[in-house]
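In what follows, a structure is listed as structure tokens, so that the remarks can point back to it.
The values are calculated or read from the model by the stated rules, or taken from the named source; none is laboratory data. Model, not experiment: these values are computed from the prediction. FYI the Cβ positions are ideal-geometry reconstructions off the backbone, even for glycines, and counts take in every protein chain you see. Surface areas here come from the heavy atoms of the whole protein model, side chains and all, with no ligands, DNA or RNA. Shrake-Rupley method; radii C 1.70, N 1.55, O 1.52, S 1.80 Å.
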Amino acid sequence: MPDQAPLPTPVPIQVTDSSFTLNTRASSYTFHVDIPTGDLRTDHFGAAVHGPIPVDPEPLVDGWTGMPDRVRREFPDQGRGDFRVPAFRITQGQDGGQGHGHTTSAFKYKSYEIVGGKELDAFTSGSGLPGTFGSASDATTLIVYLEDKIGQLEAQLRYTVFPAYDAIVRSARIVNWSPHGKNVTVDSLSSLALDFPYEESGLEMVSLRGDWAREARRVRRGVEYGIQSIGSTTGFSSHLHNPFVALVRPSTTEVHGDAWGFSLVYSGSFSIAVEKASQGLVRVVAGPNALGWTLRPGESIDSPECVAVYSSNGVGGMSRSLHGLYRRHLMKSRFATAERPVLLNSWEGMYFNIDEARMVRLAEEAAALDVKLLVMDDGWFGDKYPRTSDAAGLGDWVPNPARFPEGLGPLVDKITALKVAGSSDTKMRFGIWVEPEMVNPQSTLYEEHPDWVLHAGSYPRTEQRNQLVLNLGLTKVQEFIINAISTLLSTSNGSITYVKWDHNRGLAETPSPSANHAYMLGMYRVFDVLTSRFPNVLWEGCASGGGRYDPGILQFFPQVWASDDSDAVERIHIQFGSSLVYPPSSMGGHISSVPNHQTGRSTPLTFRAHVAMMCGSFGLELNPSDLTAAEREAIPGLIALAEKVNPIVLKGDMWRLNLPEESNWPAALFLSETREKGVLFVFQLEPWVNHALARVRLQGLEGDAMYRVDGGVYGGSMLMNLGLQYSFRGHYGSRVVFIERAIAQ
Ligand code: DGJ
């Protein structure tokens, strides 16, 4: 349920004369056709407006007028006087004919079309890209057709309105209509370009930066004159910058003020530029960072989608709109809002040191703790080149015969026959780790197909973690992966019900500028085939942790291993940061052993568990034999608590009450869809000896309603305006508190 009190559902798309208005519950997005030039001009994106909009006056004094870089444009070109970051660049006429090699385009408005609903049609419409979807009651799409008569090109700008989530989804398509056999190259094509008016108080830009094991740190900076951009050139969305940017006013907080969020539905290299031009207008341009994509006559290319949301309820409101949209209209898995089994993953407990006997013992110990799913991580495969370390075996998806002499069948049968303690009939489930996009040079696959990896002629092939990247742009590579994983999942009659899909390095030696995009299209095809063929498998995405935590991945995989840093304090930062864009339902969080393997820090078991419970997928990542007796005794209770919390985290909305970068007492509230139930998490990072306690002010409640909490019944206004207090002793304290709306007497 979105933030605002119920508002009348507006007409999603209105067209009057040459003006287009897209309406959500609380926002409007308007633009018009500039009749003399046929150019599309932006009028407004923000809080709802109605009625006609006056045309911006030209500057009256001091300045040249009528310049294309002094107006707000929907699909800005380059080479004709708009000197800001363009939305696209097309190199024309590579047949040597008219216009040979130039990069000027002049698109003018032609017509429009309105379509109810939005199908999940990437693989039928030919875009090959993931995207949002919804029925006619959820979404309406406006397609604006533009033409460049000289270049014989068409541009289609697509705007899908999701009124309930205050979201407008944008993408662009270029079609080469040349009748003369003329190829063109789409050098770049952004998903969204949007010009904001000059704001005297300025704007600020919020993004997420990081690296391996320290993902999703929030950065907020002023938008200055010039270009500030983030992006990835790694071939995947990467740990370095998430494909997301928000613009906010300097006065905007978590709770109040304007926030515009832009989230790119793409998993490859990208660029998001925010340019404050000489006259103070601010342009946002988001899309893949380069395409170099050649179109023959009749061919087309689509940009990925960019989701734009507006909230007047601060950064928190923006996040909740994105969460709701992604849970309901992006993730296609049947597990998107389904409760997730508590799991134990073997990685940090065993690393590569696994075999059948060890895995069965691990599963028995896990079952005794009430764990429901055992996930066997890296180290189980490779025959001629066994995967006993990261030096060999990737690509050879057959069980290591020394470790699993009879294959995986007996192992899976033994594990799935185990009864989970604390339940009368629940049986243990089995999941498995794969990294199918990669190959170790020490593998049979590489011996047989050295040409299948990304490479640039006879240049040396750059290895990272001793591995090379298969070229998923090649159909034969896609087929190999589809067959290998299908064979694996058919083991033991479909008893493998969970797959962790890893990806542990960036792309290098891409043979041409378009190869990165071709890789993405091939990868999405593989994901689409496998997730459609095995819809009962719960798929988890991973890329050395959160290196590919993006909306493109969420289309196929409903959860992502958010970071290889399992330290609970670090995790609070990573999970709060990731929640800027991604629903907590899509995060994986595990209790690992102490001292933590990444930071060396020791935190209490309950603190680790409470942090992990804020994720949709909760689990353990340790060897139960290493637990103390007291810890072992505590785990079933913590699992029961996680299972009680899980439905609220999965389907409800999240309020970040105190941010870890600002508070010693980070806190988050999750409220169920109906707002009847909630769960509050409060943490203390360090002791503040002899100091007053801070108050945690709740949000999202009804001021007049009464709520049961901490053994009392309190008014919503009290809980939100005065708040609650909790005391802790020492470092790393934590509380999980349930809240329930009290029935009016
Ligand atoms: C990187 C992942 O993020 C880890 O969780 C683990 O699966 C390793 N790869 C295995 O090699």
Under the Karplus relation 6.51 cos²θ - 1.76 cosθ + 1.60, θ = phi - 60°, what is the ordered set of whole-Hz ³J(HN,Hα) values for segment 239-254, x standing for Gly and Pro? 6, 6, 9, 7, x, 7, 9, 10, 9, 9, 7, x, 8, 5, 10, 4
Please turn the phi angles of segment 171-181 into ³J(HN,Hα) values with the Karplus equation 6.51 cos²θ - 1.76 cosθ + 1.60 (θ = phi - 60°), one per residue in order, whole Hz, x for glycine and proline. 7, 9, 10, 10, 10, 8, 9, 4, x, 10, x
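How high is the FRET efficiency between Glu339 and Ser201 when r is their beta carbon distance and R₀ equals 56 Å, given to the nearest 0.05? Could the numbers behind the result be given before it?
Values: r = 45 Å, r/R0 = 0.80.
That pair, Glu339 with Ser201, gives E of 0.80.
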Integer Hz, Karplus 6.51/-1.76/1.60 couplings in order for segment 13-27, x for Gly and Pro: 9, 10, 10, 10, 6, 10, 10, 10, 10, 9, 10, 10, 4, 10, 9
Quick one: length gained pulling Val49 to Thr674 fully straight, 0.36 nm per residue minus the C-alpha distance? 222.1 nm
Value of relative contact order over segment 508-661, rounded to a whole percent, pairs C-alpha under 8 Å and six or more apart: 18
With an 8 Å Cα cut-off and a minimum separation of 6 or more residues, compute the relative contact order for segment 418-552 in percent. 29
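Relative contact order for the chain: what percent, with Cα pairs under 8 Å and sequence separation of 6 or more?
It comes to 10 percent, rounded to a whole number.
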As a test of the definition: which semi-axes, in Å, follow for segment 606-653 when you take the square root of five times each eigenvalue of its alpha carbon gyration tensor? Largest first, please. 22, 10, 8
Here the gain from full extension of Asp56 to Ile114, 0.36 nm per residue of separation minus their alpha-carbon distance, amounts to 18.2 nm
Which percent of the accessible area of the chain is formed by carbon and sulfur heavy atoms (probe 1.4 angstrom)? 52
Calculate the spin-label point distance for Arg708 paired with Thr426, positioning each point 7 Å from the Cα along the beta-carbon direction, and give it in nanometres. 2.4
Output ordering of 296-305, 48-57, 505-514 (per-residue mean of other Cβ within 10 Å, highest first) is 296-305, 505-514, 48-57
List the residues whose amide H sits under 5 Å from the amide H of Phe430, counting only those 5 or more places along or on another chain, with H placed 1.01 Å from N in the peptide plane. Leu374, Thr497
Could you compute the net charge surrounding Ser171? Neighbours are other residues with a C-beta less than 15 Å from the C-beta of Ser171; K and R count +1, D and E count -1. -3
At 7 Å along Cα-to-Cβ for each site, give me the label-to-label distance between Phe352 and Asp626 in nm. 1.8
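Can you compute the FRET efficiency between Arg220 and Ser727 using 1/(1 + (r/R0)^6), with r the Cβ-Cβ distance and R0 = 22 Å? Round to the nearest 0.05. Write out the running numbers ahead of the final one.
Details: r = 31 Å, r/R0 = 1.42.
The calculated FRET efficiency here is 0.10.
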PRE reach from Phe738 (point 7 Å along Cα→Cβ): which of segment 663-681 fall under 18 Å by backbone N? 669-681
Taking amide hydrogens as modeled 1.01 Å from N in the peptide plane, which residues meet the under 5 Å criterion relative to Ser27, leaving out close sequence neighbours? Ala48
Consider just the alpha-carbon atoms of segment 349-389 and return their Rg together with their Dmax, both in angstrom. 11.4, 37
Residues in segment 499-521 near a label at Thr233, defined as backbone nitrogen under 20 Å from the 7 Å Cα→Cβ point? 505-520
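Which pairs in the list Lys108/Lys276; Lys108/Lys476; Lys149/Lys332; Lys332/Lys384; Lys118/Lys419 are over 32 Å apart, alpha-carbon to alpha-carbon?
On the way: Lys108/Lys276 25 Å; Lys108/Lys476 41 Å; Lys149/Lys332 39 Å; Lys332/Lys384 38 Å; Lys118/Lys419 44 Å.
Cα-Cα > 32 Å for Lys108/Lys476; Lys149/Lys332; Lys332/Lys384; Lys118/Lys419; rest within.
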Identify the residues of segment 278-322 with backbone N under 19 Å of a label point that sits 7 angstrom from the Cα of Phe83 along the Cα-to-Cβ direction, or state none. 278-284
Between Asn183 and Thr599, what's the calculated FRET efficiency when r is the beta-carbon distance and R0 is 51 Å? Round to 0.05. 0.45
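Rounded to a whole number, what is D in µm²/s for segment 246-342 from Stokes-Einstein with the Kirkwood radius over alpha-carbon pairs (10 °C, 1.306 mPa s)?
Answer from the Stokes-Einstein relation: 98 µm²/s.
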